[in-house]
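Everything below concerns the one structure shown next.
The values are calculated or read from the model by the stated rules, or taken from the named source; none is laboratory data. Predicted model only: the values in this text are computed from it and were never measured. Positions of Cβ are generated from backbone atoms using ideal geometry, with glycine treated the same way; all protein chains shown enter the neighbour counts.
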Amino acid sequence: MVRVPEKIGQFKVKGLLGKGAMGEVYEGVDGTLGRRVALKLLGRKHQESSEFKSRFLREGRSLASMNHPNVVQIYFIGEHEGRPFLAMEFLDGTDVGDMLKAGGALLPGDAAEVIRQASIGLAETQRAGVVHRDVKPSNLVIGSGGVVKVTDFGLAKALQEDLSITATGVFVGTPDYLAPEQAMGEEVDVSADVYALGCSLFHMCSGHPPFRAGGVDDHYTAVVRRHLKSERPQLKNEIDGFDVVLSDLCRRMMSRRPDVRPSLEELEVRLGEVSTRMHGKIPPRHTTPDARSSDLGTSRASASTTSPDADSDPNEATMKTGLVLAVGVAVGVLVSLVVTLVF
């Protein structure tokens, strides 16, 4: 049981919001300003890792230097009982992941507007030298005034660099939005965030992640294998009457080749055009996609094939499945912790 401290730094603690593999999140109040904050405190088991603490603080300082409406704001960085913590903007809104669980798919124009705003926020953090590495619907929060805020930066990289959690070169994270190069344990840049945005867009429009077959073969290893080897699913093939422009852009975002994916700046423009044409709104509204019965079976079946898609490197088709399986086995025992991580 977690002992709730009375104070963390100068902030009075009101209660525990959640805990995970990286630490705890508390609701707090700045006694001087009377402002509610979310206090993210690094876990005790990580406080001895100087490299881990260094990255935690370095990325925190980079984000604290920013003040952008589409990025969660950091107010203060400090230390409590030898553990670094961040005092962050307290978000009252609902995250998109919870919205999808509660109501299913979103209207395509609304989904495009969510991803457009997220792209703007990620482009700003890129300029600050920060790559998110764990973009997913649950890290996109719908704030007041029709604003989408990107939260929870640096998780995957921080986990990779802590040898007490995993070995070097083995990724731990959410498999549904995972860029292939990230699954292979390679160094990633902002194009991995674009890939994750594409997977998130697909999920928002269809009601399910792109590489979930909807059966018993949805374990971690199988999902990672599909990201690495399967043909990219297409929204226009899965949903009757789906917008072709948005479908093609989503598929390009999910290309296995980072150089094929659009930039965040291009996404802002292209998604803005789609959102305007389709009257996209925030907060997003739900819909029930009209699945193409003749194509849906083919689309879902393709998630378990190993055919290369048109925009992928032909050499990728020869990736060794054994390496993928090794990654899956290595992280399988950890995924239940990370997938539910709130920190």
Based on what the data block shows, is Lys45 assigned to a helix (DSSP H, G or I), at pLDDT below 90, on the phi < 0 side of the Ramachandran plot and among the basic types (Lys, Arg)?
yes
Apart from one, (1) closer than 25 Å to Ser144 by Cβ; (2) outside the structural domain of Val148 (by TED's automatic domain parsing); (3) under 20 Å from the mean Cα position of the chain (by Cα) all hold for Pro108; the odd one out is (2)
Being under 20 Å from Val29 (Cα atoms) and not small (Gly, Ala, Ser) is the filter here, so list the residues in segment 68-81 that pass it.
Val72, Gln73, Ile74, Tyr75, Phe76, Ile77, Glu79, His80, Glu81
Which numbered condition trips up Lys101, out of (1) in contact (Cβ under 8 Å) with a residue 40 or more places away in the chain; (2) surrounded by fewer than 21 Cβ atoms within 10 Å (Cβ to Cβ)?
(1)
Please specify each residue of segment 244-289 satisfying the condition of being in a loop (DSSP other than H, G, I, E, B) and closer than 27 Å to Glu181 by Cβ.
Met254, Ser255, Arg256, Arg257, Pro258, Asp259, Val260, Arg261, Pro262, Ser263
When Val13 is evaluated against the numbered criteria (1) in contact (Cβ under 8 Å) with a residue 40 or more places away in the chain; (2) assigned to a strand (DSSP E or B), which criterion, by number, is the only one it fails?
(1)
Among the numbered conditions (1) hydroxyl-bearing (Ser, Thr, Tyr); (2) at pLDDT 90 or above; (3) surrounded by 16 or more Cβ atoms within 10 Å (Cβ to Cβ), tell me where Thr94 comes up short.
(3)
Tell me yes or no: at least one residue of segment 54-65 is surrounded by 16 or more Cβ atoms within 10 Å (Cβ to Cβ), of a type in the set (Gly, Ala, Ser) and either more than 19 Å from Asp152 (Cα to Cα) or free of Cβ contacts under 8 Å to residues at least 60 places away in the same chain (or both).
yes
If we ask which residues in segment 66-91 are among the hydroxyl-bearing types (Ser, Thr, Tyr) and surrounded by fewer than 16 Cβ atoms within 10 Å (Cβ to Cβ), their number turns out to be 0
Single match in Gly129, Gly146 (criterion: on the phi > 0 side of the Ramachandran plot and modelled with pLDDT of 90 or more):
Gly146
Take segment 18-41 and flag every residue that is more than 20 Å from the chain's Cα centre (by Cα), touching a residue at least 40 places away in the same chain (Cβ under 8 Å) and crowded, with 16+ Cβ neighbours inside 10 Å.
Glu27, Gly28, Asp30, Val37, Leu39, Leu41
Taking into account only those residues within segment 56-88 that are out of contact with any Phe, Trp or Tyr (no Cβ under 9 Å at 6 or more places or on another chain) and among the hydrophobic types (A, V, I, L, M, F, W, C), which is modelled with the lowest pLDDT?
Phe56
Based on this model, can you work out whether Phe85 counts as outside any strand (DSSP E or B), farther than 30 Å from Asp240 by Cα and either not assigned by TED's automatic domain parsing to the domain that holds Arg270 or not small (Gly, Ala, Ser) (or both)?
no
